[in-house]
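Have a look at the structure below, then the notes.
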Amino acid sequence: MGISRYAGDPRFQTCRLILLGWTGKSRRDVGKAWQEIESIEKQDSIGMFSSQWSYFRMVAAMTAARAGMKDSARAIVARVHADSAAHPGSPVRTEEAYVHLLLGQREEALALLREELRSDPDSRDQIVRSPWFKDLGPDLTP
C-alpha cells in the first residue's frame, strides 16, 4: 500500500526486500532479493541507503540460508565482512546471528548476540523478544 500511495519514495522500496529476508525460502526469492537490492541502490542517487549496504546483503543471506543455499549465504556474510571498511554503517550483528541460526550455527549466533549485548545493553529486550531468537532465551544470559 505504501509503495502505491507514495510511488517513488525509496523508503517503501525496502519493504519488499525485508519481507523476502523474513519469509523468502526459494532460489527464486534469493534472485528477487538481489533484484530489489540492485533496484534500491540504483535509484538511491543521494546515498540515503548507503549505510544499509551490509544490512541489505544480510537480508539476502537470510533468504539464501532459508532456501538451502548454505554456501551462498556464507559467501554473502564473508563478503559483508571483507567489504565492511568500504561500506561503513550500523553493525549487523543481530542479522548475521540470524543467518547463522538458519545455517544451524547456534554457537556463532550466540557469540554475535553476546557481542551485541555487550556493545548495546539496551538491545536486550528487542533481542529476547525477537521471534528469530526465541529458542535462545536462556542462553543469552551474560
Give all pairs with beta carbons closer than 6 Å in which a residue from the stretch 50-71 that is under 23 Å from ALA85 (Cα atoms) and in contact (Cβ under 8 Å) with a residue 12 or more places away in the chain meets a residue that is open to solvent by less than 20 Å² (accessible area, probe 1.4 Å) and basic (Lys, Arg); count only pairs at least 6 apart in sequence or on separate chains.
none
Sort out for me the helices (runs of 4 or more DSSP H) sitting completely within the stretch 45-110 that have 2 or more residues that are of a type in the set (Gly, Ala, Ser) and out of contact with any Pro (no Cβ under 9 Å at 6 or more places or on another chain).
53-66, 70-82
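When the stretch 17-29 is examined, which residues are found to be over 13 Å from the mean Cα position of the chain (by Cα) and in contact (Cβ under 8 Å) with a residue 12 or more places away in the chain? If you could, list the steps in order and put the result at the bottom.
Of the stretch 17-29, the ones over 13 Å from the mean Cα position of the chain (by Cα) are 25-29.
LYS25, SER26, ARG27, ASP29, listed by residue number.
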With (1) at pLDDT below 95; (2) among the polar types (S, T, N, Q); (3) in contact with an Asp or Glu (Cβ under 7 Å, 6 or more places away or on another chain) as the list, and THR63 as the residue in question, which single condition is left unmet?
(1)
Output the residues belonging to the stretch 1-44 that are open to solvent by less than 60 Å² (accessible area, probe 1.4 Å), in a loop (DSSP other than H, G, I, E, B) and either of a type in the set (D, E, K, R) or touching a Pro at 6+ places or on another chain (Cβ under 8 Å) (or both).
ASP9, ASP44
Search the stretch 45-58 for residues being hydrophobic (A, V, I, L, M, F, W, C) and farther than 15 Å from ILE76 by Cβ, and hand back the single one that is surrounded by the fewest Cβ atoms within 10 Å (Cβ to Cβ).
ILE46
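The values are calculated or read from the model by the stated rules, or taken from the named source; none is laboratory data. Worth saying up front: this structure is predicted, and the values here are computed from it rather than measured. Here the Cβ is made from the backbone with ideal geometry for all residues, glycine too, and neighbour counts use every protein chain on show. All accessible areas refer to the heavy atoms of the entire protein, side chains included, with ligands and DNA or RNA removed. Shrake-Rupley method; radii C 1.70, N 1.55, O 1.52, S 1.80 Å.
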